[in-house]
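Notes for the one structure printed next.
The values are calculated or read from the model by the stated rules, or taken from the named source; none is laboratory data. A quick note: this is a predicted structure, and the numbers were derived from the prediction, not measured. Every residue, glycine as well, gets a Cβ built from its backbone with ideal geometry; the counts of neighbours run over all protein chains shown. Ligands, DNA and RNA are stripped out before the accessible areas are found, and what is left, the full protein with its side chains, is counted by its heavy atoms. Shrake-Rupley method; radii C 1.70, N 1.55, O 1.52, S 1.80 Å.
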Amino acid sequence: MRMSQQSGGVKTRAFKAAFPKVLPICISFFFLAMSYGVLMGTRGFSFLWPLCMSAFIYTGSMEFVTVNLLVSAFNPFATLMLALMMGTRHLFYGLSMLGRFKNMGAKKPYLIYAMCDETFAVNNSAQIPAGVDRGWFYFFVSLLNQVSWVAGATFGGIVGGRLTFDTTGLDFVMTALFVVIFVDQWMASKRKSHMAALTGIVVPVICLALFGADNFMIPSLIAMLVMFIVLRPYLDDLKHDDADGKAVAAARNEVGEARS
């Protein structure tokens with residue numbers, strides 16, 4: 001009895017520590033997923049489709065893309081490659097979390113499965129309060145984010161199936177989200193070259209010209225992945241700005257004078 005009470009106390013503390021950190025994400029997840037569910041509903045799919053897809057795919061961008069894949073010509077190879085390329089970033093998330101997920105026991109498979117962009121950001125950077133179990137903290141961050149996404153998609157699917165007005169353009173919501181994120185990162189970046197952002201623009205444009213609108217997505221993703229791997233040393237070592245460059249030069253001069 002005492003052990004179960006202690007276990008409950010550990011979980012409660014972890015939940016209370018995780019909840020405030022993910023609440024803003026959960027709210028945004030709910031409404032973004034709801035737009036996906038509405039889109040599925042307006043395309044004639046039962047709410048069970050967004051419910052299951054949001055639970056098992058759990059990659060927001062791929063879920064939006066899947067809406068069009070389900071109503072277009074069946075192409076399993078292209079779908080598989082597209083899903084793999086869009087989910088490739090999770091490989092890097094997983095590698096960086098190997099140490100943190102060590103000795104997590106039965107929670108580890110779920111933590112791996114439920115790690116999306118936002119969950120990774122919280123679990124990788126959060127300062128876990130003293131006395132809070134790290135494994136259960138990670139678990140509740142992952143669970144709360146996923147529950148909010150699945151709930152939003154399901155609710156949107158129920159609502160979308162009952163809408164009678166024209167919803168043309170609703171599928172642009174994911175594109176709009178990525179545009180906002182791109183602009184925000186561009187303005188916040190201290191790297192004057194913006195090499196990573198420009199690579200993400202130039203490569204798809206070239207692939208679009210070479211392969212056409214129906215076939216450029218997969219070559220673009222593969223080419224960008226290769227480019228980012230090749231350019232990784234340069235992306236890490238580029239000078240942030242003139243002020244940083246002057247500071248580095250001054251520090252080097254000071255070291256040189258001290259040595260002489």
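Descriptive notes on the structure:
- Cross-link table Lys11/Lys190; Lys108/Lys190; Lys16/Lys102; Lys16/Lys190; Lys21/Lys108; Lys21/Lys102, entries beyond 31 Å C-alpha to C-alpha: Lys11/Lys190; Lys108/Lys190; Lys16/Lys190
- Percent accessible area from carbon and sulfur atoms, the range 40-131, protein chains only, probe 1.4 Å: 69
- Per residue, the accessible area of the range 1-152 comes to 53 Å², computed with a 1.4 Å probe over protein heavy atoms only.
- Counted residue by residue at 0.36 nm each, then reduced by the alpha carbon distance between them, the extension gain from Lys11 to Arg100 reaches 30.2 nm.
- Extension gain from Val202 to Ser125, taking 0.36 nm per residue of separation minus the Cα-Cα distance: 24.6 nm
- Charge dipole of the range 56-153 (Cα centre as origin; +1 on each Lys and Arg Cβ, -1 on each Asp and Glu Cβ, all else neutral): 340 debye, rounded to the nearest 20.
- FRET efficiency for the Met187 to Ile57 pair, using the beta carbon distance and R₀ = 41 Å, is estimated at 0.85.
- Gain upon complete extension [Val71, Val159; 0.36 nm per residue less C-alpha separation]: 29.7 nm
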